[in-house]
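The values are calculated or read from the model by the stated rules, or taken from the named source; none is laboratory data. These numbers were taken from a predicted model, which means no experiment stands behind them. Neighbour counts run over all protein chains shown; Cβ positions are idealised from the backbone, glycine included. Just so you know, the surface numbers come from the protein's heavy atoms only, side chains and all, with ligands and any DNA or RNA stripped out. Shrake-Rupley method; radii C 1.70, N 1.55, O 1.52, S 1.80 Å.
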Amino acid sequence: MTTPPAQRPLQSRFPRLWLAFQYLACGYFDRGRYIRKHYNGQRRVLEIGCSLGMDSSHFAAAPCAFLGVDIDPEAIAHAKKTHAGRAHMRFVCMDLHDLQVAESERFDFILVSGVCHHVPTDKLVPLLEKAATLLSDDGRLVVIDYAPSANPGWLEQFFLDYDEGREIRSREDLLAVLDSISGLAVAEQEIFRNAAFVFPWPTMAYKFCIAMTKKGAEKKAS
């Protein structure tokens with residue numbers, strides 16, 4: 001069944017305009033610094049909710065086998081066009097729960113960027129539980145999402161109003177969700193000021209950056 005145009009997300013209805021806005025004012029460059037902070041050349045990479053493949057661009061020149069997964073067929077089609085010719089990058093329209101990989105092919109790095117605030121908790125927990133089964137024993141799963149401030153500035157408030165996600169969580173609520181995921185443990189967490197463009201000002205929003213590993217892995221690392 002085809003989704004009516006008015007009910008499709010903005011990135012699918014106006015992909016070029018949406019991407020231009022994201023690059024110009026939505027923190028793409030600054031957010032990439034935090035993605036690369038945790039990506040250290042891991043060989044097998046999975047991006048959950050890759051959308052149009054914008055954050056996927058941070059892996060365009062990486063020595064990895066990259067897989068981007070999203071349930072939006074229009075977004076995946078655009079991501080495929082954007083990254084056409086990059087043999088190490090694949091994009092698949094599918095429900096993550098249907099993704100099956102052999103134990104030897106589990107992912108060393110999983111990115112969940114800008115996804116959590118679109119997913120209600122009763123669906124987010126099973127999604128992350130599935131992601132945990134896809135993570136290698138020494139792998140890292142990184143969550144980046146909004147960190148709402150008590151007194152948001154005008155630009156931050158604009159983005160919060162503009163965003164189509166309705167599940168923006170406090171630090172306590174997001175950590176409660178992540179702590180409930182069996183098999184995973186929070187290894188690192190921070191809140192960063194996500195600059196709108198390449199310059200440190202203005203701030204478009206505050207973001208969580210939370211790295212998770214398999215339970216027990218954080219003890220081995222220490």
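Quick notes on this one:
- Taken together, Lys81, Lys37 contain a single residue that is over 30 Å from Asp173 (Cα atoms) and either among the acidic types (Asp, Glu) or in a helix (DSSP H, G or I) (or both), which is Lys81.
- Within the stretch 19-34, the residues that satisfy the criterion of being crowded, with 20+ Cβ neighbours inside 10 Å and either part of a loop (DSSP other than H, G, I, E, B) or at pLDDT below 75 (or both) are Cys26, Gly27.
- The single condition among (1) touching a strand residue (DSSP E or B) at 6+ places or on another chain (Cβ under 7 Å); (2) at pLDDT 95 or above; (3) within 25 Å of Leu175 (Cβ to Cβ); (4) surrounded by fewer than 20 Cβ atoms within 10 Å (Cβ to Cβ) that Lys130 does not satisfy is (1).
- Qualifying residue in the stretch 89-100 (condition: within 25 Å of Met204 (Cβ to Cβ), part of a helix (DSSP H, G or I) and touching a helix residue (DSSP H, G or I) at 6+ places or on another chain (Cβ under 7 Å)): no
- Of all residues in the stretch 78-124 being of a type in the set (Ser, Thr, Tyr) and closer than 24 Å to Leu178 by Cβ, the one that is surrounded by the most Cβ atoms within 10 Å (Cβ to Cβ): Ser113
- Residue selected from the stretch 41-77 under the condition of a type outside the set (A, V, I, L, M, F, W, C) and more than 17 Å from the chain's Cα centre (by Cα), by the criterion least open to solvent (accessible area, probe 1.4 Å): Gly41
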